[in-house]
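The values are calculated or read from the model by the stated rules, or taken from the named source; none is laboratory data. This structure is a prediction, so every number in the text was calculated from the model and none was measured. Here Cβ is always computed from backbone atoms with ideal geometry, including for glycine, and neighbour counts include all displayed protein chains.
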Amino acid sequence: MIIILFGAPGVGKGTQAQILADELGIAHISTGDAFRAAIQGQTEVGLIAKRYVDAGDLVPDDVTARIVEEAMIKPDCQNGVILDGFPRTRAQADALATMLSRIGQEISCVVNIEVPNEHIVQRLLSRGRADDTVEVINNRLAVYQQETAPLLEYYSKLGLLKHLDGVGSVEEVSQRILAIVSQPS
Ligand code: ADP
């Protein structure tokens, strides 16, 4: 089972991905967490990623696809994976399709978590991460619109897209997601 949690920065993908992974007994891959860990550990990837993450720009596709591929071949991914924050560009979506066909897997569904922009900025500002300043948040939202939102049409055409109202308590939203991913497609 391969589930993609999709949505703008701050819609709650990370929180929901963790709950869903625990609930379904599958792995959670967050590219944002992976980059933050790499930056913290000053690895080769971290040294490349830092300036992009700090500015709210996308880390180059080849670097991003490589960390996802490394994570996906680990044994804990055998039962399935929730992808949180990947893919964010068409090139990443293509890289994912190639990776999955190589291991004989398919995307089960793409859940688009929808939250109005005014909620998003408030949520992000209250989180207080280093890249959660007004300027960097605005850039992340702009990058999302430009690079990532077009993937909605791509996955919709593949018949994989499900829409989800992301406004509500953490529990309410996770119940909605569980209901959606349990539906037969
Ligand atoms: P948010 O969704 O709130 O922006 P993330 O933790 O998902 O937070 O991402 C933080 C940063 O990590 C992004 O602004 C970007 O620099 C980098 N990043 C995460 N995922 C990707 C990706 N798929 N491609 C390129 N860069 C990414």
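Quick notes on this one:
- Residue count for segment 97-128, restricted to those that are among the charged types (D, E, K, R) and in contact with a Gly (Cβ under 7 Å, 6 or more places away or on another chain): 2
- All conditions in (1) in contact with a helix residue (DSSP H, G or I) (Cβ under 7 Å, 6 or more places away or on another chain); (2) at pLDDT 95 or above hold for M72, with the sole exception of (2).
- Selection within segment 17-65 - within 15 Å of the ligand (Cβ to nearest atom), of a type outside the set (D, E) and in contact with a Ser or Thr (Cβ under 7 Å, 6 or more places away or on another chain): A17, T31, L58, T64
- Candidates G85, G12, filtered to the one that is at pLDDT below 95 and either closer than 22 Å to E171 by Cβ or buried (at least 21 other Cβ atoms within 10 Å of the Cβ) (or both): G12
- For segment 136-145, the count of residues that are among the hydrophobic types (A, V, I, L, M, F, W, C), within 16 Å of the chain's Cα centre (by Cα) and under 17 Å from T31 (Cβ atoms) is at least one.
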